[in-house]
Amino acid sequence: MTSDGAGWVRETVSLAGRSVFYRRSQGDVGGVPIVHVHGFGISGSYLMPTARLLTGQGVNVVPDLPGYGHSERPERTLGIPALADALLAVLDALELDKAVLLGNSMGCPIVLQVAHTAPDRVHRLVLVSPAGGVQNQPLSRALGQLAADVVRESPRMASVAVPDYLRFGPVNTLRLFAQLTRFPSLARLLTAPVPSLAVLGSRDPLMPPPHRVKAIASLAPPHVSVALIQGAAHALNFSHPGELANIISSWLAGRPIRDDPDQPGFARVLTIPRLVAAG
């Protein structure tokens with residue numbers, strides 16, 4: 001067990017005979033645990049800026065799923081359903097009966113999969129930049145969107161992401177990214193069985209425009225909310241941790257989501273015109 005900064009430890013658990021690495025906040029904090037789930041080709045390290053700010057909400061756990069970061073590689077690259085199974089296995093190993101699942105990018109399909117297959121294990125869902133679906137098809141279009149996002153992210157992101165992507169490998173990255181583009185994240189959000197919050201960045205080229213988001217969300221049940229951070233790109237957890245943590249903390253506590261003037265970006269909740277079925 002080694003330190004990962006004040007109030008955090010690094011540990012491993014064994015899943016199917018392979019070591020899975022995770023970071024965990026320390027302290028006897030009440031509340032439901034929050035588990036942060038990373039995107040494709042990258043470890044959980046870029047999620048730490050937001051995770052550190054949410055430790056007052058409860059114990060925070062940031063795993064590297066099998067094949068990523070400090071975790072051992074399985075024999076073959078895991079797809080989204082298998083990664084969801086691995087996440088459930090992590091919850092079991094850490095004896096977390098129920099958790100808030102907070103995904104970014106590919107982490108969103110993973111936590112959605114868990115919520116649909118094991119809703120009793122999910123207290124709430126937070127989907128940050130939920131990529132996937134027609135907005136990211138065909139693959140050539142998605143690759144162009146990804147390239148556009150690279151120049152919009154904080155330059156500091158490169159030192160975190162590049163080593164992870166190199167370790168994961170370009171072939172694995174491309175194969176899994178193609179699977180991500182086919183996963184209808186926003187559409188699956190419409191049938192989310194637990195209270196859910198989607199947080200989008202206004203400069204994220206992988207996201208549909210706000211009017212399209214509103215059109216999709218209008219079909220969703222009332223327990224689904226959507227917030228937007230003006231000026232943010234795809235990796236909100238790294239680039240805008242203060243505003244993102246403010247939104248999540250407010251939502252979990254049942255408080256109105258308001259912009260934090262001391263944080264970069266401007267947060268607002270998208271007003272969704274709900275469609276009411278004819279009786």
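The values are calculated or read from the model by the stated rules, or taken from the named source; none is laboratory data. Because the structure is a prediction, the values reported are computed rather than measured. Positions of Cβ are generated from backbone atoms using ideal geometry, with glycine treated the same way; all protein chains shown enter the neighbour counts.
Picking from residues in the range 91-114 that are small (Gly, Ala, Ser) and within 20 Å of Val59 (Cα to Cα), the one that is surrounded by the most Cβ atoms within 10 Å (Cβ to Cβ) is Gly107. Of all residues in the range 76-88, none are touching a strand residue (DSSP E or B) at 6+ places or on another chain (Cβ under 9 Å) and farther than 27 Å from Asp204 by Cβ. Only a single criterion out of (1) crowded, with 16+ Cβ neighbours inside 10 Å; (2) over 22 Å from Tyr46 (Cα atoms); (3) touching a Leu at 6+ places or on another chain (Cβ under 6 Å) is not satisfied by Leu190, namely (1). In this structure, is Ala198 crowded, with 16+ Cβ neighbours inside 10 Å, over 19 Å from the mean Cα position of the chain (by Cα) and hydrophobic (A, V, I, L, M, F, W, C)? No; evaluated as a whole, the condition is false for this residue.
Of all residues in the range 193-231, which are of a type in the set (Gly, Ala, Ser) and closer than 20 Å to Met106 by Cα? Ser196, Ala198, Gly201, Ser202, Ala217, Ser225, Ala227 - these are the residues of the range 193-231 that are of a type in the set (Gly, Ala, Ser) and closer than 20 Å to Met106 by Cα. Only one of the listed residues (Ala227, Ala220) is more than 19 Å from the chain's Cα centre (by Cα), outside any helix (DSSP H, G or I), crowded, with 19+ Cβ neighbours inside 10 Å and among the hydrophobic types (A, V, I, L, M, F, W, C). That residue is Ala220.
Of the strands (runs of 3 or more DSSP E) contained entirely in the range 1-102, those carrying at least 1 residues that are out of contact with any Leu (no Cβ under 9 Å at 6 or more places or on another chain) fall at 8-15, 18-25.
Filtered by the rule that a residue be at pLDDT below 90, among the β-branched types (Val, Ile, Thr) and under 20 Å from the mean Cα position of the chain (by Cα), the range 1-45 gives no residues. Taken as a whole, the structure places Ala187 among residues that are within 17 Å of the chain's Cα centre (by Cα) and modelled with pLDDT under 85. Residue count for the range 14-33, restricted to those that are β-branched (Val, Ile, Thr) and more than 23 Å from Leu180 (Cα to Cα): 2.
Within the option set Arg121, Arg73, being modelled with pLDDT under 95 and not hydrophobic (A, V, I, L, M, F, W, C) holds for one residue only, Arg73.
Among the conditions (1) at pLDDT 95 or above; (2) among the hydrophobic types (A, V, I, L, M, F, W, C); (3) part of a helix (DSSP H, G or I), Val126 misses just one, which is (3).
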